[in-house]
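The values are calculated or read from the model by the stated rules, or taken from the named source; none is laboratory data. All values reported here derive from a predicted model rather than from experimental measurement. Cβ placement follows ideal geometry from the backbone for every residue including glycine, while neighbour counts extend to all protein chains displayed. The area values use the complete protein model at the heavy-atom level, side chains included, leaving out ligands, DNA and RNA. Shrake-Rupley method; radii C 1.70, N 1.55, O 1.52, S 1.80 Å.
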Amino acid sequence: MERVQGQALLRGPEPEHGEHDPRSPVEALLRAAGAATGAGVVTLTTDGTPARLPYPQLLAQARRLLGGLRERGLRAGDVVVLCGLPLGEFFPAFWACLLGGAQPAAIAERAVPGSPAYERLLHACTTLDAPLVLTDGPGARDLTAAAPHLRVAVAEECLGADPAEDHAEPAGSDVALLMLSSGSTGAPKAARLTHAGLTEFAASARRALDVRPDDTMVNWLPVDHSGAFLLYHLLAVFAGCTNVHSPTDRVLAEPRHRTATPHSGGRTRRGAATSACTSSATIPRRARATSTR
């Protein structure tokens, strides 16, 4: 292990790229949408009701959301905190940010004033220099009353805009997303993950785990969990396969729900404990993580 001041560096095998591998996360979504295989994102409500969003519809919603965010002043390079969004709204919001060249950071729980998620949000907004906070209607009302200095927008309202017809084409070294730490060992930090880093991760993990387009990935951990999001959504988009996401509380209350999830044939891969999610994929040779304190 080589130690470098100010950053974490791990050297592993050279990443493998084939001619059919997408060269960026945005290209991966565009390719998955263009394939029109019926694969996409399935989100479950707390009572288990599924909502299916095939990749063409995910792309269409992301474009409309991006149009709404641009009407609210969003520019490439801006940071957007996705806070307390229902699962069905979270994924279009994430991809709207990437299509627009913005940098999303996720806080899965609603930031109810006085809660740990609220304190985490306030710290993130201070650290990230007053980013836009994208949430749902009830979340926006709570935040407007408790923290009027925050810039808050409602995801559902952004969907009423005209869709963005263009998308950003960032460099591989540009930051794609910010992964917030839990803050369990101090103040939360923001790890910067680049477009190239995500692309190399997906290419290597897809081969190591043999993920195929007819697979179904099933996740019940929060979407701000790095293993859950990167392995069970981002990797699934690169592979063009279906990914199913269940509210964490639903599975914790009744663990049998972990295996009673809808899928559309093929092999099913389910998320498990943290160690299983984060240790099963190879790490590209130049994977780097830096943090903002």
So, residue 63, is that one in a helix (DSSP H, G or I), surrounded by fewer than 21 Cβ atoms within 10 Å (Cβ to Cβ) and of a type outside the set (Ser, Thr, Tyr) or not? no
When restricted to 146, 171, 164, 111, the only residue out of contact with any Asp or Glu (no Cβ under 8 Å at 6 or more places or on another chain) and open to solvent by less than 20 Å² (accessible area, probe 1.4 Å) is 164
request  = With respect to residue 56, determine if the residue is in contact (Cβ under 8 Å) with a residue 24 or more places away in the chain and not aliphatic (A, V, I, L, M).
outcome  = no
Does residue 223 satisfy the criteria of being in a loop (DSSP other than H, G, I, E, B), at pLDDT 90 or above and of a type in the set (Val, Ile, Thr)?
yes
- Before we move on, is residue 76 open to solvent by 40 Å² or more (accessible area, probe 1.4 Å), in contact (Cβ under 8 Å) with a residue 12 or more places away in the chain and farther than 20 Å from residue 26 by Cβ? no
How many residues of the range 29-49 are modelled with pLDDT under 95 and under 30 Å from residue 253 (Cα atoms)? The answer is 6
Those residues of the range 19-40 which are part of a loop (DSSP other than H, G, I, E, B) and open to solvent by less than 20 Å² (accessible area, probe 1.4 Å) amount to 21, 22, 39
